[in-house]
Amino acid sequence: MIIIVGAGVAGLTAARALSAAGYEDYLIVERARRIGGRVATETDGEFLFDVGFAVLNPAYPMVQRYLSIEALGLGYFQSGALLLHESPQRALLVDPIAHPLVALQTLAKPFPGWGDRMRTLRLRLTDGGLKKPRDDGPSTLETLQKSGFSESYIKAFFRPFFSGVFLDDELSISEELFRYQFDFFKKSRVGLPRAGMQGVVELLADPIPKEKFMLGCTVSSVHSRKVTLEGGRTLDAAAVIVAVDEGSSVALFGNQRAPETRSIVTLYYASEECPWPNRLLGLNSTGCGWVNHIAPLSKVQPSYATGKRHLMSVSGIGRGPVSYSDLSAWKSDVQADLVRLVGSEASAWTYLRHYVVDKALPKKFGRKPSGPDEIFFAGDYVENPSLQGAMQSGEFAAEEALSRVLPLKRVLQ
Ligand SMILES: Cc1cc2nc3c(=O)[nH]c(=O)nc-3n(C[C@H](O)[C@H](O)[C@H](O)COP(=O)(O)OP(=O)(O)OC[C@H]3O[C@@H](n4cnc5c(N)ncnc54)[C@H](O)[C@@H]3O)c2cc1C
């Protein structure tokens, strides 16, 4: 039997890959009482709340291999962004290839300047062609500066947009990861599943029989061909796929320092009106304030709000309420930011709830731990910090585990 530790997207994809190869003798052991790991959606009956702002890019090869885009029922953002300067100043930035007519209408606007428009088009038309981004080389910020983008354009667009993707407001992530992700943005608009982001994991897990899951069971140690659960029970295995987050992996194998992670804080608001008519992400282009971006979620995916009110999400990168003296001081700061960016109507938005996701993404990636034989590692930190990276790592680990287990099985037969 192959034991998979962790039922996040990496572990679930490993299970799907084993099954696709005709190997059904596996068991998934998960600490939580639910599947999905960091991908989660909650509801209060009226709204769907993803636990931290997240979107799905249907162009990810792993998404296309293991999920039906039709069954996900995606509602799509438009390609581009609304650059929010001090209200009422706004600039519409659309992808000229995806929305050529709208792009033509914005040509007369003074911002962005012609140089930045042309450089963006060049970036848009250049194929990064990367299959496996590395975590070294120049940073994204260095590359953008070297390519000649103006500081004002980096501040207004690249910084808030890619902070939202990589949760890195310094654009310090590697240029390779930036180009890799940029290519997927070129291939498709991003979307929100009808059932919220949790819909992604539910669909991924759907073909896996219920008896394959041991939920609410924490693995306390992993040895070659043996997994021990908290409480002392042991499970024998021909191979083990360790598909946990990097911090949990370090805790299990214990020989490294705790890894660094990136965080996001997302607040949800109900509003009577949507602050802009299109399905665009609103970016804080002022370069100051707590808010990074604002998403008109129910405009993009109507199932996120079943009543008459709209659902807006407001996210900040890295700095949560803990850096404030109290929660109400933080909330009123955020609301002041919203009024500055959106206009006075934002003072009438109703705060619903917020999520602080401290360990949202690994800071470093592409680091596969070495373990004893018959132990295979998966997780976003092994490939790259995204659903694509996590799923890819799960598939690779399943292939490696099979290549070890199948010859053994033949010998035993
Ligand atoms: C707020 C947020 C927003 C994001 N936005 C996007 C986005 O827009 N687009 C995108 O592509 N990606 C996004 N990501 C990244 C993506 O969601 C993650 O990269 C991916 O879900 C990681 O999956 P994983 O399986 O590697 O890890 P995890 O989801 O962390 O799964 C690991 C599982 O292992 C379990 N586990 C840990 N230790 C043990 C143990 N000892 N015993 C048993 N079980 C254990 C955990 O409970 C967990 O279920 C976002 C992530 C977050 C948090």
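What to note about this one:
- Here the extension length gained between residue 326 and residue 339 equals 2.6 nm, from 0.36 nm per residue of separation less the Cα-Cα distance.
- 222 nm mean residue ellipticity, helices alone, for the chain (DSSP H n ≥ 4; -39,500 (n - 2.57); rounded to 500): -9000 deg cm²/dmol
- Gyration tensor (alpha-carbon) shape descriptor, the range 283-365, a/c threshold 1.5: oblate
- Packing-based ranking of 163-170, 383-390 yields 383-390, 163-170, ordered from highest to lowest mean Cβ neighbour count within 10 Å.
- Normalised by the number of residues in the range 69-201, the average gap of Cα pairs under 8 Å and 6 or more apart makes the relative contact order 34 percent.
- Whichever lysines have a C-alpha closer than 20 Å to that of residue 226, once near sequence neighbours (fewer than 8 apart) are set aside: 212, 409
- The separation of the range 62-139 from the range 257-333, counted between C-alpha centres, amounts to 20 Å.
- Surface accessible to a 1.4 Å probe, residue 233 within the full protein complex, Å²: 140 Å²
- Heavy atoms of residue 82: accessible area, 1.4 Å probe, square angstrom to 10: 10 Å²
- Whole-percent carbon and sulfur share, accessible surface of the chain, 1.4 Å: 52 percent
- Between residue 368 and residue 76, the simple label model (points 7 Å from Cα in the Cβ direction) yields a spacing of 3.5 nm.
- For the chain, the relative contact order works out to 26 percent when only alpha carbon pairs closer than 8 Å and six or more residues apart are counted.
- Violating pairs (Cα-Cα greater than 24 angstrom) within the set 186/331; 146/186; 131/359; 331/363; 132/364: 186/331; 131/359; 331/363
- Put simply, when 291-299, 154-162, 110-118 are sorted by average Cβ atoms within 10 angstrom per residue, most first, you get 291-299, 154-162, 110-118.
- Debye intensity ratio I(q)/I(0), log10, the chain, q values 0.07, 0.08, 0.09, 0.10 Å⁻¹ (C-alpha model): -0.35, -0.45, -0.57, -0.70
- Close amide H pairs (under 5 Å, H built 1.01 Å from N) link residue 262 with 360, 361, 363, residues at least 5 positions away or on another chain.
- Taking Cβ atoms as reference points and 9 Å as the exclusive limit, the residues near residue 143 contribute a net charge of 0, counting Lys and Arg as +1 and Asp and Glu as -1.
- Nearby lysines by direct alpha-carbon distance to residue 308 (threshold 21 angstrom, same-chain neighbours under 8 apart not counted): 299
- Less than 5 angstrom separates the built amide H of residue 43 from those of 49, all sequence-distant by 5 or more or on a different chain.
- For the range 98-152, a/c is not less than 1.5, where a ≥ b ≥ c are the root eigenvalues of the C-alpha gyration tensor, and a/b does not top b/c. That puts it in the oblate class.
- Per-residue extension of 0.36 nm, minus the Cα-Cα distance of residue 126 and residue 351, leaves a gain of 76.8 nm for this segment.
- The residues of the range 1-140 have, on average, 47 Å² of accessible surface per residue, using a 1.4 Å probe with all protein chains present.
- Positive contributions from Lys and Arg (+1) and negative ones from Asp and Glu (-1), summed over other residues with Cβ under 14 Å from the Cβ of residue 128, come out at +4.
- Sorted largest first, the spans of the alpha carbon positions of the range 202-339 along the three principal axes are 58, 38, 24 Å.
The values are calculated or read from the model by the stated rules, or taken from the named source; none is laboratory data. If you're wondering where the values come from, they're calculated on a predicted model, not measured in any experiment. Don't worry about glycine lacking a Cβ; one is built from the backbone with ideal geometry, like all the others, and counts go over all protein chains shown. These accessible areas exclude ligands, DNA and RNA; they are computed on the full protein's heavy atoms, side chains included. Shrake-Rupley method; radii C 1.70, N 1.55, O 1.52, S 1.80 Å.
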